[in-house]
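Here the structure is laid out as structure tokens; the discussion comes afterwards.
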Amino acid sequence: SLILPLIRLHALFFFLFAGYFQDLLNKSEKALYETFPGMYGELYLQNIKLFKDLYSELRRYYRGSNINLEEALNEFWTHLLERLFKFMNPQYHLPDEYVDCIVKHSEQHKPFGEVPRDLKLKATRAFIAVRSFVQGLGVGNDVVRKVSQVPLSQYCSRAIMKLMYCAHCRGMSNVKPCNNYCRNVLKGCVANQADLDPEWKNLIDALLMVADRFDGPSNVDIVIGTIHTRIAEAISNMQENRESITTKIFQGCGNPKMNPKASNIEDKKKRGKYVSEDKPSQLSSEKLVSDAKGKLREIRDFWISFPTTLCNEKISSGSVNEERCWNGMTKGRYLPDVMGDGLASQINNPEVDVDVTKPDMTIRQQIMQLKIMTSRLRNAYNGNDVDFQDTSDDISGSGSGDGCADDVCGKRLSKTISTRLPEVHAMPKQSGQGVGGSSSSSSSSSNNSSILLPSSFLLILTLAVVARQYLWR
């Protein structure tokens, strides 16, 4: 694939970020399981499932489930309040109606202090930013992968063959193609792909905006990695203010009846403030985000800079030898103007016959995916939750084609749109038959293979190396 380095780049950062934030959450959960038994004893043992359910919901949300994160956090604090109050007051009989009253007064009495409100605000912003960023990388990776499967047209294959090999047939093996000639060929070949540029830039810009949310008050390392410490802080707040909180609740909900069957569990309960022993991660999100932002900026103009980047001095003559380069006919200056970017600009491309009235549907679908994801990222930047559902498609192109005709090196192709053949990319199977399975004589298949294999594979390998150097320079 011509854009294999771009696919690998997106996939690399997608898995790096997905794994990093998952690891933050896992470490927080592990720290809770290791420290809470010694701190809270029976209180922890009676409520293990409550803590496990919280991390399970956070993990499901992060992975893309349609969960209301604020409601999940509110539900956790509600259940924790109910169980902690009962645990701290075992001598009283507390029916469901009384517990409902306690919950109703929780906003007024703030038994956990400001921890629930603060954590909900910061955690929702952090998780929304993280999830949308990882999803954005995933969508970008998916778009690049599907675009890479779009076949080159028959006319593009012929133009590339003429660009790369016809000078050799004329005895000018040391003459490189003219730079503008090369750019026109590439601009015609990737005309549809260049139309990705506006929405691709919008996606990159939105990813960069969301990445900025990873710092400051909603720093994801701190917020996600220390959820267990905030829970411990909340429990400690209620334990330390037990008497005043109980008095206020009794004033608002009435004095509950005594429980004659109550055991003296309170004496067995352990108390203690959590002292964080978290060590900084060897790979912080700050470094990860900084690297990702740098690479994202590098590939922002990828689709329109593609022809210029590939037609460098390794492939074309460059701007220095404009009078001594292969112009498609002979050694000399290339006179036609360089076309603009995108499908609409190729109507007068002198090197590649492009039907500007028939945009590639796969690429149009990917443009729509970019628009949808960009909208979600912008919502996430503003702190608004978004519903991530799989909107990807499984459409990819395929086809079969013929070899280089006798007139490829002798004259420019006709630009009559009405007689255009279906757009296909000549890539014969190892058996010698066309991709589409069309029948042909063995000699014809052999000839096509001998002509097409060098031009297709050599060009792709050469351009892929150049693209890799461009992306990872």
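The values are calculated or read from the model by the stated rules, or taken from the named source; none is laboratory data. Quick caveat: nothing in here was measured; it's all calculated off a predicted structure. Here the Cβ positions follow ideal geometry from the backbone for every residue, glycine too, while neighbour counts run over all protein chains shown. With ligands, DNA and RNA removed, areas are computed over all heavy atoms of the protein, side chains included. Shrake-Rupley method; radii C 1.70, N 1.55, O 1.52, S 1.80 Å.
Numerical summary
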item: Residue in segment 100-122 that is on the phi > 0 side of the Ramachandran plot, more than 35 Å from the chain's Cα centre (by Cα) and in contact (Cβ under 8 Å) with a residue 12 or more places away in the chain present; result: yes
item: Scan of segment 68-82 for residues that are in contact (Cβ under 8 Å) with a residue 40 or more places away in the chain and more than 15 Å from L119 (Cβ to Cβ), ordered by number; result: N68
item: Of residues in segment 328-345 being more than 25 Å from Q193 (Cβ to Cβ) and part of a loop (DSSP other than H, G, I, E, B), the one most open to solvent (accessible area, probe 1.4 Å); result: L335
item: Residue check, D353 crowded, with 16+ Cβ neighbours inside 10 Å and either at positive phi or assigned to a loop (DSSP other than H, G, I, E, B) (or both); result: yes
item: A292 vs. criteria at pLDDT below 85 and either in a helix (DSSP H, G or I) or in contact with a helix residue (DSSP H, G or I) (Cβ under 8 Å, 6 or more places away or on another chain) (or both); result: yes
item: Residue in segment 178-190 that is among the charged types (D, E, K, R), open to solvent by 40 Å² or more (accessible area, probe 1.4 Å) and under 30 Å from V139 (Cβ atoms) present; result: yes
item: Breaking point among (1) out of contact with any Pro (no Cβ under 6 Å at 6 or more places or on another chain); (2) in a helix (DSSP H, G or I); (3) open to solvent by 40 Å² or more (accessible area, probe 1.4 Å), for N174; result: (2)
item: Complete set of residues in segment 68-103 that are in a loop (DSSP other than H, G, I, E, B) and under 15 Å from Q239 (Cα atoms); result: N89, P90
item: Filter result for the condition that a residue is over 36 Å from the mean Cα position of the chain (by Cα), of a type in the set (F, W, Y), more than 24 Å from L377 (Cα to Cα) and surrounded by 15 or more Cβ atoms within 10 Å (Cβ to Cβ), over F87, F76; result: F87
item: Test for N180: is it closer than 30 Å to K287 by Cα and polar (S, T, N, Q); result: no
item: Scope segment 191-248; condition open to solvent by 10 Å² or more (accessible area, probe 1.4 Å) and in contact with a Ser or Thr (Cβ under 6 Å, 6 or more places away or on another chain); matching residues; result: N202, D221, G225, T229
item: Given (1) within 18 Å of Q239 (Cα to Cα); (2) open to solvent by 10 Å² or more (accessible area, probe 1.4 Å); (3) not small (G, A, S), index of the condition R125 fails; result: (1)
item: Subset tally (residues that are touching a helix residue (DSSP H, G or I) at 6+ places or on another chain (Cβ under 9 Å), part of a helix (DSSP H, G or I) and more than 21 Å from R297 (Cα to Cα)) for segment 142-154; result: 1
item: Selection within segment 104-141 - charged (D, E, K, R) and not in a helix (DSSP H, G or I); result: K110, E114
item: Test: L24 is in contact (Cβ under 8 Å) with a residue 60 or more places away in the chain and crowded, with 19+ Cβ neighbours inside 10 Å; result: yes
item: Positions within segment 177-208 being over 30 Å from Y381 (Cα atoms) and part of a loop (DSSP other than H, G, I, E, B), in sequence order; result: C178, V190
item: Subset of segment 320-366 that is basic (K, R) and at pLDDT 90 or above - its residue that is nearest to the chain's Cα centre (by Cα); result: R364
item: Any pair with Cβ under 7 angstrom, 6 or more apart, that starts in segment 48-67 at a residue that is in contact (Cβ under 8 Å) with a residue 40 or more places away in the chain and in a loop (DSSP other than H, G, I, E, B) and ends at one that is of a type outside the set (V, I, T) and open to solvent by 50 Å² or more (accessible area, probe 1.4 Å); result: G64/Q135; N66/D387
item: Set R83, R125: member being under 30 Å from A292 (Cα atoms) and basic (K, R); result: R125
item: Qualifying position, being buried (at least 16 other Cβ atoms within 10 Å of the Cβ) and either of a type in the set (K, R) or within 18 Å of R131 (Cα to Cα) (or both), among Y40, Y55, Y44; result: Y55
item: Odd one out for Y61, checked against (1) open to solvent by 10 Å² or more (accessible area, probe 1.4 Å); (2) within 23 Å of D221 (Cα to Cα); (3) of a type outside the set (V, I, T); result: (1)
